[in-house]
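Okay, structure first, notes after.
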Amino acid sequence: MATGLAVIGSGSAAPKASLNNDGLSKIVDTSDEWISTRTGIRSRYLASPQESLSQLSAIAAQNALSMAQVGATDIDLILLATSTPDDLFGSACQIQAEIGAKHAVAFDLTAACSGFVFGMITAAQFIRTGVYRNVLLIGADVLSRWVDWTDRRSCVLFGDGAGAVVLQANEIDHLLGFALHSDGCLHDCLNVQYQGESRPLTGGINVSQGTYQPISMNGKEVYRFAVNRVPEIVEKALFQAELTTDDIDWLLLHQANQRILDAVAKRLKVPAEKVISNIANYGNTSAATIPLALDATVRQGYIQPGDTIAASGFGAGLSWGAAIFQWQR
Ligand code: UT7
């Protein structure tokens, strides 16, 4: 029984429309100069009302399956890391139906911007125990649905997209190390909070009826958290893998802010040419940033089979995690 795993394919998808910083300046009091120097973001893709999270995810999934040369019916498990499902009950099953993965069990996993890394480690447990052989892991978000488009402090940061990878059981384990963390005491720093009003039913019984509020974020706190905790957790995962930063070919961080990428890389002493960044064109797509950037770098021919990647996701929860793996396609 193969109890290791390999990452053998990637795919991604973005909505059709993109909005650059000049366009955003027509909606809120901001400028291309402010956004690009403070965040590195120049443009972001935004899903139209006709483009669903499930559709974007299905396209990303199909691209990943075709790179991996794995048929949809051979998938045993679909994990959808998202905080913005089309359906609060979960969107993974819709994707399962859309791509025809009729033998797969499918469910959503919510860990905000850490979702992809948390999903990879969850998938690994099923593979390493021999329960499942082929896992399709999708990281996708349509945060534009929950952005306050009048709040210039947050609306300039986010974009929409989907990325996917195929993980397969393998004799050699190419997931070399990982570490995951959560700190709910810092929940107030970043959230999309449910808010409801009391609705009396009968006999003194009241229920709450409402919806989710737009993204609320303490940018400075999240920034501080990221530049402190992310280097720490990457080091921890590398230690588990018995590696050092010198051994990694690529640093693949959640794309939240170019300044965060630079600061983390500096602390880890990873040279800029090893730091993957596509934030300029996509902004922060939450659970999608890591697989989107991975897929682009693979398809551009930079990431080679056997390359060691240190990936780290961080965000709401607060939550953060790192995974050290080798690309195997
Ligand atoms: O997945 C995780 C998601 N969240 C994050 O990653 C957020 C992490 N934090 C950050 O990336 C940064 O803190 C921000 C990009 C959000 C903000 O950058 P900053 O350098 O921390 O700016 P600031 O909040 O200190 O604001 C500086 C100034 C303020 O004006 P005053 O008070 O100095 O007059 C803001 O009102 O910039 C102003 N400002 C803006 N100006 C133009 C804030 N947003 C904008 C804007 N355009 N979009």
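The values are calculated or read from the model by the stated rules, or taken from the named source; none is laboratory data. What you are looking at is a predicted structure, and each value in this text was computed from that prediction instead of being measured. Because the Cβ atoms are built from the backbone with ideal geometry, glycine has one as well, and the counts that use them run over all protein chains shown.
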Restricted to the range 129-177, and to residues that are under 20 Å from Ser312 (Cβ atoms) and among the acidic types (Asp, Glu), which residue is nearest to the chain's Cα centre (by Cα)?
Asp141
Out of Leu186, Leu143, Leu190, report the one residue that is surrounded by 15 or more Cβ atoms within 10 Å (Cβ to Cβ), more than 24 Å from Asn278 (Cβ to Cβ) and within 13 Å of the ligand (Cβ to nearest atom).
Leu186
With the condition kept exactly as written, say whether any residue in the range 196-218 is surrounded by 14 or more Cβ atoms within 10 Å (Cβ to Cβ), of a type in the set (Gly, Ala, Ser) and over 30 Å from Val298 (Cβ atoms).
yes
Can you find a residue in the range 99-117 that is more than 27 Å from Ser25 (Cα to Cα) and of a type in the set (Asp, Glu)?
yes
Complete set of residues in the range 219-246 that are basic (Lys, Arg) and touching a residue at least 24 places away in the same chain (Cβ under 8 Å):
Arg229, Lys236
Test Gly130 against the criterion of being surrounded by fewer than 18 Cβ atoms within 10 Å (Cβ to Cβ) and either away from the ligand (no atom under 16 Å from the Cβ) or not assigned by TED's automatic domain parsing to the domain that holds Glu221 (or both), and give yes or no.
yes
Members of the range 300-325 found to be away from the ligand (no atom under 14 Å from the Cβ) and touching a residue at least 60 places away in the same chain (Cβ under 8 Å), listed by number:
Thr308, Ile309, Ala310, Ala311, Ala322, Ala323, Ile324, Phe325
Hits in the range 4-38 (condition: under 22 Å from Ala310 (Cα atoms), crowded, with 21+ Cβ neighbours inside 10 Å and out of contact with any helix residue (DSSP H, G or I) (no Cβ under 6 Å at 6 or more places or on another chain)):
Ala6, Val7
Counted residues in the range 65-99 being of a type outside the set (S, T, N, Q), touching a residue at least 40 places away in the same chain (Cβ under 8 Å) and touching a helix residue (DSSP H, G or I) at 6+ places or on another chain (Cβ under 7 Å) come to 9
Which listed residue, of Asp108, Asp86, Asp74, is of a type in the set (Asp, Glu), away from the ligand (no atom under 16 Å from the Cβ) and touching a His at 6+ places or on another chain (Cβ under 9 Å):
Asp74
If you scan the range 255-298, which residues turn out to be touching a Gly at 6+ places or on another chain (Cβ under 9 Å), more than 16 Å from the ligand (Cβ to nearest atom) and not aliphatic (A, V, I, L, M)?
Asn281, Asp295
Close pairs from the range 100-126: first crowded, with 24+ Cβ neighbours inside 10 Å, partner aromatic (Phe, Trp, Tyr), Cβ under 7 Å, at least 6 apart:
Ala111/Phe118; Cys113/Phe314; Ser114/Phe314; Ser114/Trp320
Can you confirm whether Phe158 is in contact with a Pro (Cβ under 9 Å, 6 or more places away or on another chain) and within 16 Å of the ligand (Cβ to nearest atom)?
no
Identity of the residue in the range 265-316, on the phi > 0 side of the Ramachandran plot and within 11 Å of the chain's Cα centre (by Cα), that ends up surrounded by the most Cβ atoms within 10 Å (Cβ to Cβ):
Ser286
Determine if the range 288-302 includes at least one residue that is under 23 Å from Lys236 (Cβ atoms) and among the basic types (Lys, Arg).
no
Within the range 1-71, considering only helices (runs of 4 or more DSSP H) that don't extend past its boundaries, which have at least 3 residues that are over 17 Å from the mean Cα position of the chain (by Cα) and more than 16 Å from the ligand (Cβ to nearest atom)?
53-68
